[in-house]
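Notes follow the structure.
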Amino acid sequence: MTIAVYCRVSTVRQKTDSQVAEITKWLTANGYDEDQIQWFSDKETGKTLHRTQFNKLQKAIFAGEVRTVVVWKLDRISRRLRDGINLLADWCDRGVRVVSITQAIDLTGAVGRMIAAVAVAANSAIVDAPPRQIARSAAAYARSIRSQ
């Protein structure tokens, strides 16, 4: 195996079908042979790196079995800024090419790595935003009640 595909959804109620379809289309368009590809798929949150199939992917990378990791979007790898950046840096240091097909990001060059870092940071900000938004909304609501 030289190419690993990683798909992830956050809950068991969700399906990876759309990710699989788009990645399959990309692999075919780029001439990859099915014999070169191993698929890894999790139905777990991206807020942790402790996921069953993700751990298997990591072992394959550490063993030198993977040269390219293809994902639908970088946030499939991690939803946390530090984890995402550290992980991508580690993979790049090992010579692993990382491709995000929907974001048109290929981490083989310095510009790709910079764009990936920005994308990971943006995704992290989105994940962290809801609690702050809830707190702000609650505070605004409390202020409006007091002013009546």
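The table below gives the values:
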quantity	calculated
Chain lengthening between Arg82 and Ser18 when straightened (0.36 nm per residue, less Cα-Cα)	20.3 nm
Sorted peptide list for 27-37, 59-69, criterion being average Cβ within 10 angstrom, highest first	59-69, 27-37
Karplus-derived 3J(HN,Hα), 6.51/-1.76/1.60, for each residue of segment 61-72, Hz, glycine and proline x	5, 4, 7, x, 7, 10, 9, 9, 10, 10, 10, 5
Partner aspartates and glutamates for Lys15 [C-alpha distance under 20 Å; skip if fewer than 8 residues away on the same chain]	Asp42, Glu44, Asp75
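Taken together, the values in this text are just the output of simple stated rules run on the coordinates, not laboratory data. Since we're looking at a predicted model, the values are computed, not measured. Virtual Cβ from ideal backbone geometry, glycine too; neighbours counted across all protein chains shown.
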